[in-house]
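The values are calculated or read from the model by the stated rules, or taken from the named source; none is laboratory data. Keep in mind that this is a model prediction, so the values were computed, not measured. Positions of Cβ are generated from backbone atoms using ideal geometry, with glycine treated the same way; all protein chains shown enter the neighbour counts. Surface accessibility is based on the protein's heavy atoms, side chains included, excluding ligands, DNA and RNA. Shrake-Rupley method; radii C 1.70, N 1.55, O 1.52, S 1.80 Å.
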Amino acid sequence: MRLLVLGGTHFLGRHVATAALGRGHDVATFTRGVSGQPPAGARALHGDRDDPDALPKALDGWAPELVVDTSCQTRAAARNAAVVLGGVQGYAFVSSLNAYRNWPPGPVGPEDDEPTWTTEAEEYGPIKADAERILGAALGERFLTARAGLIIGPYDPIHRLGWWLDRISRGGRVVVPETLDQPVTAVDARDLAGWLVEVAERRPAGAVNATGPNGMTTLGALLDLCRDVTGSDAEWVPVPEDELLSSGVQPWVHLPLWLPAEVARTAWDVDTTRARKLGLSGRPLRASVADTWAWQSTHERPSLPPMAHRQEPGLPSHLEARLLATH
Ligand SMILES: NC(=O)c1ccc[n+]([C@@H]2O[C@H](COP(=O)([O-])OP(=O)(O)OC[C@H]3O[C@@H](n4cnc5c(N)ncnc54)[C@H](OP(=O)(O)O)[C@@H]3O)[C@@H](O)[C@H]2O)c1
């Protein structure tokens, strides 16, 4: 079928385009053309989806039958897509757990029991929640929204797992949070991508918490895997949470994937029963970590389009030096 990927040149969308080509679809990607090229075999259409005229102009008579939307970050982008693509047979939208009013910290129960944001705020979660409503109203039973949590895998430009892999590969004493037993769940972009193409084809409707299963791993086990796959001699230097916070270490940003214990306790407690029923499965975490390392060892890190709220992940060297000096 003719399948349009909104996005398709960077991380998740790129894997969606690859999966769709693998399933025999006639694939086009739609991007501004600043974040790279789609995989070979897909036609690259260009335009800014915030501009209402751009998508019809780029499609130029090529009529998509299925859509996987990985690039929606504004209400205008959702409205424009609803107008032009409201008639397609299946539309799989990539949203976020941030669409829920109570995430983080969660926990997140079954999709239909959890309220999503209803404010006009120009913030990520409320925008995703509004985008779901705008597109859902246009597409009805042909619309599925996948609320993703942490996405990992090759081509990840955000570099959260990537920062740990880089730092651990350099070996030596590595600052880690003392709460290494805190849970983490993630979904490999390739697993999510393949599944998004399948649900666009099969068209189950509604919202789906599209992340890894509860109890998937712990931060400590994930870092151990990073040490294993990089063949590093890194030695963990555990630092208590209050000391990290009082030193100015920002959770999630300076030590990526680390959350304060109070948040971590519930943030990854997400009901993914529906996702499992609809066939979202995950490869072994070791494969995600090893493939990410193999990719980043052989590729330049892709540049990130600017976003006001995005901070570069990783522990600033002055903070690392100070913490290592006292432990
Ligand atoms: N990464 C995570 O852990 C995570 C977690 C939860 C949810 N999500 C959601 O998952 C989705 C995919 O994330 P990702 O990190 O894979 O995204 P990404 O790699 O940054 O891809 C974004 C794609 O959209 C295109 N794009 C951006 N702005 C555009 C515009 N105005 N008009 C047309 N195309 C535009 C980009 O190409 P150009 O720059 O060339 O336009 C790029 O191909 C996003 O919707 C994100 O909110 C991500």
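Cα-Cα pairs above 16 Å in the range 1-75: how many percent?
Values: 1112 of 2775 pairs.
Everything past 16 Å amounts to 40 percent.
Over the range 110-159, give the accessible area per residue in Å² for a 1.4 Å probe, as an integer. Mind showing how you got there, number by number?
Numbers: 2110 Å² over 50 residues.
Accessible surface, normalised per residue, equals 42 Å².
Using a basic spin-label model with each label point 7 Å from the Cα along Cα→Cβ, how many nm lie between K277 and W62?
Computed distance between label sites K277 and W62 equals 3.7 nm.
Just to be sure I understand the model, the point goes 7 Å from the Cα along the line to the Cβ. What's the resulting S246 to T326 distance in nm?
In this crude spin-label approximation the distance works out to 0.7 nm.
Expected output is a single nm value to one decimal: the length gained when fully extending between D233 and R23, i.e. 0.36 nm times separation in residues minus the C-alpha distance. What is it? Display every interim value, and only then the final one.
Numbers: separation 210, 0.36 × 210 = 75.60 nm, distance 4.17 nm.
Full extension of this stretch gives 71.4 nm more.
In units of 2.2 N^0.38 Å, what is the alpha-carbon radius of gyration of the chain?
Values: Rg = 19.9 Å, N = 327, 2.2 N^0.38 = 19.9 Å.
After normalising by residue count via 2.2 N^0.38 Å, the value is 1.00.
Give the average over all directions of the projected area of the C-alpha convex hull of the range 222-327, one decimal, in nm². The partial results should precede the final answer.
Values: hull surface 38.3 nm².
With every direction weighted equally, the projected area is 9.6 nm².
What Rg and what Dmax come out for the range 78-170 when only alpha-carbon atoms are used, in angstroms?
16.0, 52
Expressed in nm², what is the orientationally averaged projection area of the convex hull enclosing the Cα positions of the range 127-166? Don't skip to the answer; put the middle values down first.
Details: hull surface 15.7 nm².
The number I arrive at for the range 127-166 is 3.9 nm².
Using a 1.4 angstrom probe on heavy atoms only, work out the carbon and sulfur share of the accessible area of the range 186-283 in %. Numbers along the way, then the final one.
Numbers: 1820 of 3670 Å².
Within the range 186-283, the accessible surface is 49 percent carbon and sulfur.
Please work out the Cα convex hull volume for the range 130-246 and give it in Å³ per residue.
Residue-normalised Cα hull volume stands at 137 Å³.
What distance in nm lies between label points placed 7 Å from Cα along the C-beta direction at A261 and D181?
1.0
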